[in-house]
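As structure tokens, the structure follows; a few thoughts come after it.
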Amino acid sequence: MATATQGAANGSGAGGPEPTTPAGLAMPSRNPLPLSASQEAQVRDIYYARVRNKCREEIKAFADCAKLHTFTASFACREPLHVMNSCMKAHATQAEQDAAREEWFAKRAERARERQRKALRKAEQEAFLREWWGLPEKDREQARREMEKLTRGERVAGVRRRPAGIEAHGQGTDEGR
């Protein structure tokens, strides 16, 4: 997949108008940013789910056939298997990979908000348990570092970016920054 996304990042993808950045600079691809291995795995999971969703009926037909056979499934269910594989090959295109990557980028802010919500909930629960059991409070510097860590965005292209709408601790949104 790395070579396919590199080809798209180099501008060898689908033709059409070049998208522009907020500063107005032309980008060679719709998805030019390199992602980490775990981020690429998330994109790949979205891609596979989209392809499986498009071939749902063919997959179900093969699964129903395979349920009835154990060792002979590869012989007895050869036709549904070929239909399922041809459907998946037909829908497993570079355009579908690009769509999955765009979906991943579109959901970045949502994932960041969810991560921040969970971390804040965890901090609240920890503070409650410390109070409940009479444990000493956390060091203020340690608490400040943890809150600062919560407001950091994810790393994309080697740069940490905070998605729009995520509030920094004690500061407004970063839309004006």
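The values are calculated or read from the model by the stated rules, or taken from the named source; none is laboratory data. Keep in mind that what you see is a predicted model, and the values were worked out from it rather than measured. Cβ sites come from the backbone with ideal geometry, for glycine too, and all protein chains shown count toward neighbours. Heads up: the accessible areas ignore ligands, DNA and RNA and are worked out on the full protein's heavy atoms, side chains in. Shrake-Rupley method; radii C 1.70, N 1.55, O 1.52, S 1.80 Å.
So here's what we get for this one:
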| item | result |
| --- | --- |
| Test set (1) within 23 Å of the chain's Cα centre (by Cα); (2) more than 30 Å from Glu137 (Cα to Cα); (3) not basic (Lys, Arg) - Phe62 fails condition number | (1) |
| Selection from the stretch 106-122 of residues that are surrounded by 15 or more Cβ atoms within 10 Å (Cβ to Cβ) and within 18 Å of the chain's Cα centre (by Cα) | Arg108, Ala109, Ala112, Gln116 |
| Among residues of the stretch 60-87, those that are of a type in the set (Phe, Trp, Tyr), assigned to a loop (DSSP other than H, G, I, E, B) and surrounded by 16 or more Cβ atoms within 10 Å (Cβ to Cβ), counted | 0 |
| Subset of the stretch 6-61 [at pLDDT 50 or above and of a type in the set (Ser, Thr, Tyr)] | Ser29, Ser36, Ser38, Tyr47, Tyr48 |
| Conditions (1) under 19 Å from Glu154 (Cα atoms); (2) surrounded by 16 or more Cβ atoms within 10 Å (Cβ to Cβ); (3) out of contact with any strand residue (DSSP E or B) (no Cβ under 8 Å at 6 or more places or on another chain): number failed by Pro34 | (2) |
| Among the residues listed as Gly158, Gly165, Gly153, the single one being at pLDDT below 85 and either of a type in the set (Ser, Thr, Tyr) or touching a strand residue (DSSP E or B) at 6+ places or on another chain (Cβ under 6 Å) (or both) | Gly153 |
| Which numbered condition Lys149 fails, given (1) in a helix (DSSP H, G or I); (2) more than 30 Å from Arg50 (Cβ to Cβ); (3) open to solvent by less than 80 Å² (accessible area, probe 1.4 Å) | (3) |
